[in-house]
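First comes the structure, then the notes that go with it.
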């Protein structure tokens, strides 16, 4: 009962905020921006999404190698697009990540390792995003002088820190076990969480893979900045690149807060405020954000096609473990005869 109400409230809040943002935009300027769309810049804007998705998939594949799994790039690419499709059906990207974790787990027969690879992939991306956000806050004093924007940015950074502690700190798990050891219902989920944390700790022995994944995360977020810049150029506005580089990480940090459904309205508000604070047109910020969202919806719709065409299995299931009572390989022993009279009586003490 609680979840449907929360979902309805978030959808309502997001749509209300989006309507307020649109009411603050200059509709004449918005019409002018739509009329002066540049097809060349629009084509460049269109190809940024498959490039950034390929970077994320490459990072995901790289993080699966230390766990002993080597799925095909095309399979992971399809699962990633599928997760983006489900992100439109769930309140946040967590739903899409859960879908690709389950589907990858089926293919590699290791659900916890599949989930661990996705958590690490997301965590490294958020780490780079937080670093870029801190740099933006430090360099752009106008962003620090807007209390609502600064508060939401700090809340996003706090959420990142809290999630990091919950997932990666084993001391919290140990404390929870001590407090709930009398309740058997908690034993099984806590054991699963312990094995999951063990899978995460396995990455400590593979620092090279972590460094490469961090570099791919940096390339991905630079791609998101280029994506917004190309959206502005596609709308016919020759904007400088540095305000885009400062406001884009802030907008992504604020959007990950569980305020509205998929950040609807929140991201548009952040770009509107950020563009205005950095000397750009707030209407251009709203238009660029809506253009990026529209492209994301078109791209994620390919996930439905992937859902219908992706094979149910990408790898054969491992053979079941052999029984210790039958260590040798060979034909089974012949079944004993049903009629006792067919047994040989040689050496028998029965006089019969």
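Data table
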{"quantity": "Separation in nanometres of the label points that stand 7 Å from Cα toward Cβ, at residue 222 and residue 73", "calculated": "1.9"}
{"quantity": "Spatial separation of Cα centroids for region 91-135 and region 30-79, in angstrom", "calculated": "16"}
{"quantity": "Point-to-point label distance, residue 198-residue 155, nm (Cα→Cβ direction, 7 Å offset)", "calculated": "3.9"}
{"quantity": "Fraction of alpha-carbon pairs over 32 Å apart in region 29-309 - percent", "calculated": "29"}
{"quantity": "Per-pair calculated FRET efficiency, R0 = 41 Å: residue 188 and residue 212 via Cβ, rounded to 0.05", "calculated": "0.70"}
{"quantity": "At 0.692 mPa s and 37 °C, Stokes diffusion of region 175-233 via Kirkwood alpha-carbon radius, µm² per second", "calculated": "218"}
{"quantity": "Relative contact order of region 29-309, pairs being alpha-carbon contacts under 8 Å that are 6 or more residues apart, as %", "calculated": "32"}
{"quantity": "Label-point gap, in nm, between residue 172 and residue 304 - each point 7 angstrom along Cα→Cβ", "calculated": "3.8"}
{"quantity": "Rotationally averaged projected area of region 196-262 (alpha carbon convex hull; nm²)", "calculated": "6.8"}
{"quantity": "Efficiency of FRET between residue 31 and residue 11 - r from beta-carbon atoms, R0 41 angstrom, step 0.05", "calculated": "0.90"}
{"quantity": "Full-stretch length increase - residue 146, residue 181 - with 0.36 nm per residue and alpha-carbon distance subtracted", "calculated": "7.9 nm"}
{"quantity": "For q = 0.13 Å⁻¹, Debye-computed log10 I/I(0) when each Cα of region 171-311 counts as one equal scatterer", "calculated": "-0.82"}
{"quantity": "Over region 87-232 - Rg/Rh using Cα atoms and the Kirkwood inverse-distance radius", "calculated": "1.02"}
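Every number here is computed from the coordinates shown, using simple stated rules; none is lab data. Since the structure is predicted, the reported quantities are computational estimates derived from the model, not experimental observations. Backbone-built Cβ (ideal geometry, glycine too); neighbour counts: all protein chains shown.
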